[in-house]
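The values are calculated or read from the model by the stated rules, or taken from the named source; none is laboratory data. All of these numbers come straight from a predicted model, not from anything done at the bench. Cβ placement follows ideal geometry from the backbone for every residue including glycine, while neighbour counts extend to all protein chains displayed.
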Amino acid sequence: MKNNSMNEKNYSKISKNYQPKPPYFMNTLKAFIIGGLICIFGELLTNMYIHWFGFSEKDAGNPTVATLILLSSLATGLGVYDRLGQFAGAGSAVPVTGFANSITSAALEHKSEGLVLGVATNLFKLAGSVIVFGVVAAYVLGLLRYIFRAII
């Protein structure tokens, strides 16, 4: 006996025909351009710190990263970074600015709960996994480098 009722599998198969296709090319292009522009801005900041303030190439990275974190946190607080993220997608998740955005967003979301129980406890909710992964990856790579140097 054949069952013609609409079950979950049939519904899923039929509904796929009516779903719009994601604009993969345009999404990739926007992410590439915006991510590239953020990186170019970082390079401009680095050159500014080298030429205007006399930092060495090695030392100019620290104030550059601090400036990018400050600007992306301010942009998050003003709602600008959210609009940028909606437009650029993954392009706005350049590591330093995306990380600052995730921390600032979590802090702003929970500020009404108070400084300690709201902001402090939820500050690293989104970014905590990034920090843990970074520390573990740095440890493993450092250990591998140590072993590699000991062998050679």
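Residue pairs whose Cβ atoms lie under 7 Å apart, sitting 6 or more positions apart in sequence or on different chains, and linking a residue in the range 127-152 that is in contact (Cβ under 8 Å) with a residue 40 or more places away in the chain to a partner that is basic (Lys, Arg), do not occur here. Counted as qualifying within the range 1-81 are the helices (runs of 4 or more DSSP H) with 1 or more residues that are at pLDDT 95 or above and of a type in the set (S, T, N, Q), namely 24-51, 61-77. With the structure loaded, tell me whether Ile103 is loosely packed, with under 14 Cβ neighbours inside 10 Å, in a helix (DSSP H, G or I), of a type in the set (A, V, I, L, M) and under 14 Å from the mean Cα position of the chain (by Cα) or whether it fails that test. Criteria not met by Ile103.
Look through the range 104-130, keep the residues that are β-branched (Val, Ile, Thr) and either touching a strand residue (DSSP E or B) at 6+ places or on another chain (Cβ under 6 Å) or under 25 Å from Phe32 (Cβ atoms) (or both), and return whichever of them is modelled with the lowest pLDDT. The extreme case among them is Val130.
Total residues in the range 37-70 satisfying the condition of being touching a residue at least 40 places away in the same chain (Cβ under 8 Å) and either of a type in the set (Gly, Ala, Ser) or in contact with a Gly (Cβ under 7 Å, 6 or more places away or on another chain) (or both): the figure is 1.
Filtered by the rule that a residue be within 28 Å of the chain's Cα centre (by Cα) and of a type in the set (Asp, Glu), the range 7-57 gives Glu43, Glu57. Looking across the range 7-37, not a single residue is among the acidic types (Asp, Glu) and surrounded by 12 or more Cβ atoms within 10 Å (Cβ to Cβ). Yes or no: the range 12-20 includes at least one residue that is closer than 21 Å to Gly89 by Cα and in contact (Cβ under 8 Å) with a residue 24 or more places away in the chain. The answer is no, given that none of the residues of the range 12-20 is closer than 21 Å to Gly89 by Cα and in contact (Cβ under 8 Å) with a residue 24 or more places away in the chain. The condition of being in contact with a Leu (Cβ under 9 Å, 6 or more places away or on another chain) and surrounded by 13 or more Cβ atoms within 10 Å (Cβ to Cβ) holds for Thr64.
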